[in-house]
1. Only helical DSSP H runs with n ≥ 4 go in: add -39500 (n - 2.57) per run for chain B, normalise by residue count and round the 222 nm mean residue ellipticity to 500 deg cm²/dmol.
2. Among B:Leu177, B:Leu160, B:Leu274, which one moves the most in a GNM of chain B with springs linking Cα atoms closer than 10 Å?
3. Let me understand segment A:132-232 better: what is its radius of gyration from the alpha carbons, and its Dmax, in angstrom?
4. Convex hull over the Cα atoms of segment B:193-286, averaged projected area in nm²?
5. In sequence order, what are the phi-derived ³J(HN,Hα) couplings for segment B:129-134 according to the Karplus relation 6.51 cos²θ - 1.76 cosθ + 1.60 with θ = phi - 60°, rounded to whole Hz, with x for glycine and proline?
6. Treating only the Cβ atoms of Lys and Arg (+1) and Asp and Glu (-1) as charged, compute the dipole magnitude of segment A:92-214 about its Cα centre; round to the nearest 20 debye.
7. Quick check for me: using +1 on Lys/Arg Cβ and -1 on Asp/Glu Cβ, what's the dipole size of chain A about its Cα centre, in debye to the nearest 20?
8. Taking the convex hull of the alpha carbon atoms in segment A:7-158, what volume per residue do you get, in Å³?
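Values in this text are rule-based calculations from the coordinates and carry no lab data. Fair warning: this is a prediction, and the values are worked out from it, not measured in the lab. Here the Cβ positions follow ideal geometry from the backbone for every residue, glycine too, while neighbour counts run over all protein chains shown.
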Amino acid sequence: MSMLVRLYRRGYGRTLVGIIIIAAYVFPVYWMVATSLKSSKGIFAVPPHLVPDPPTFVAYSSAVIHNPAIHKALINSVIISVGTMALTLILALPAAYALARLRLRLAGLVLLLLLISQMLPPINLAVPLFVLFQYIGLVNTYPGLILADTVFVLPFAIIILRPFLLSIPGDLEDAAMVDGCSRLGAFSRIVLPLVVPGLIAVGALAFVLVWGEFILGLTLMTSNKMYPITVALNRFIGQYGTQWNNLMAVSTTVALPILLTFVVLQRYIVSGLAAGATKE
Amino acid sequence: MTQNQKLMTRIRAKGKLDRIKLRKARNYLFVAPAVIFIVLFMIYPLLYNFYISVRDVNVGTLMSGNAPFVGLRNYKTMIGDPTFWHSLLISFIFTGGSLLFQFTIGFALALFFQRPFPGGGIMRAFLLLGWLMPIVVSASIWKWLLDGDYGVINYLLQGLGLLRGDHYWLSEPNTALAGVIVANIWLGIPFNALLLLTGLQGISLSLYEAARVDGANAWQRFLYITLPQMRSVSLTVLLLGFIYTFKVFDLIFVMTGGGPANATTTLPILTYNLTFEFYEFGTGAAAASLLLMISLALSVVYLLLVRREEAA
C-alpha cells in the first residue's frame, strides 16, 4: 500500500487509475485462465479463489490433450485459416495495387462495394451460400468454408492494403524499369518489399478474423469431423454443463493463438487497424 | 541538345504514353479477380436469397431445385407473425442498450487516455483484448461469469448487498437479455474508446488554450469545446456501432441460443432458427431479406454521412 501511495505522490496518479481500470476490463480474460487451472473442486469454492490454489493442469489434460475432437477441430481451423489467408492475399494484393495506382474510373464504385460488404450481416450470406453450396457439393468441405470466409476478409484486406500501396511513389517503379527492370521485376523488387508490413498486418488480421469466425462454420460444416474450433467449443458448452474448468481450458486454448499473434504482431495489427480506420 | 538526344527524348515520351495505356489495361486486369470473386460469392448469393424468398423452399424442394413460385407469401407470413415483430423489438433493445453503455464508457475511457501518461500506450493495447478475442470464447467466459450457482458476478453482487440468494441471469426470461447486453458492452468498449480517442486527438489544442485564457474551467471546456467538436465523430461511431451491433449473432447464439422463451431472439437469430432449425428456407430467406434491407439502409446513411463530413 505504501508503494501505491509513493507512486501516487510521484505523479503516477493517472497510471494508477489506469491500472485499476485495465485490470477490471481484463478480469474476464484473467478469470478464464484462472478457472482453467483449477480442479473440479476448486471451481466450486465459496468464496471463489482469485488465484488457483494449487494450480493444476488436470482440465487441460482431460479436455484438450486427451480429446481427439479438439485436435481435429484445431487442425480444421488451421487449414481454414491458412487457406483463407492465402486466397485473400492472392486476390487482395493485385486489387489493392491497381486501386491505389491508377485512377480507375471504377475505383470509387469498387471501394464503395467493399465498404458496404463489411457491414453485411453474415447470416445473410450463410443462408443462400448453404443452399447454393448444397447444389455444387461444397457444403461440409474445406474449400467451401474457405471461399465463404474469404468473402468477409477480402474487402477488409483490400481496404487495409490500399493505403500501404498509396504510400509507395509510382516513380520508384518507373525508375527501376528505366534501369532495365521488367514490370514484374519492378513489382517484386520495389513494391513487394515495401508493402511487407501491410501484408503482415492483413495476414494477422485475417487470421484473427477467420480463427474466431463462427456462423459460417456453424452453417456450412455439417459433420463434427469438419467443425472449426469455434463451433467445437460451442458444442462443448452444452456437453460440459457445469465443468467450468474444462470449458475454460478449451476456451483458453482457442484464445491462445490469437493472444500470441497479438503479442508478436501488435505493431502491425495496430498500424493496419489505423490504416483501415482512416481509410479513404 | 544534339539531334540524337532530341530523338531519344521523343522515343522516351512515346514509350511513356504506351506505358500509361498498358498500365490502364493491366490495372483492370489486376482488380478483376477480386471483383469477380465478390460478384460470384457475395452479390450473387445475396440476389439468390431474394430468389429463395419468393419461393416455397423446404427440405423436400431444396434438393430437387423446383420450388414453386409463391410471390410475396413468405414476406406476408413473416410480417403477419408476432415472433418477427418481437425479434425486431429485441434487436432494437439489444442494439440500443449495448450502444448506450459502450458509447458512454468508451467516451469516458477516451477522455482518460487523451492526455499521455506513463504506461498509457500499453494499457490501450490491453483494451484491444476484448475486441480481438474470438466471440465464442468471450461468450463462454460471460456464461461462466453470469452462472447462477458459482458465477463471480452473483458473488460480487451478494457481497455488495445488491443480491440475495442465487440468480440465474441467462435462464430467467426477465434478465437474459440484460446478461447478453452486458457481455456485448464489454466486447464493444474498445471499438468505441479507440475511435473516440482518435477523434479527441484531432481537436486543436489551441482551442483549449484560448478557453483557459478566457477563464473557462475544466467542465466548461468539456461542455463548450470537447462535446461540440466531437459531434460528427460521435455520430459516425454511433451509426457504425448500430450497424455492427444489429447483426450480432455469435454472442447471443452461444450464450442463450435466443432463449429462454425467445427473450433474446434477435432478427439474425430468428433468421438462423427458421432456416437451420425448422428448415423453412423460404420464410428464413424473407426474414434475411428484411434484415438485409435494414442493414443496407443504415450503411447508405452512414456512407452519405461520411461523404458529407468529408465535403464539409
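1. Details: 16 runs with 221 residues, N = 312.
So the helix-based figure for chain B works out to -23000 deg cm²/dmol.
2. For chain B, modelled as a Gaussian network with Cα springs under 10 Å, the answer is B:Leu160.
3. Looking at segment A:132-232, its Cα Rg and Dmax stand at 18.9, 57 Å.
4. On the way: hull surface 35.0 nm².
Dividing the Cα hull surface by four gives the mean projection, 8.8 nm².
5. 3, x, 7, 7, 4, x
6. On the way: 6 positive and 6 negative charges, 44 e Å.
Around 220 debye, computed over segment A:92-214.
7. Values: 17 positive and 8 negative charges, 129 e Å.
Computed charge dipole of chain A: roughly 620 debye.
8. Values: hull volume 35.0 nm³, N = 152.
It comes to 230 Å³ per residue, whole-number rounded.
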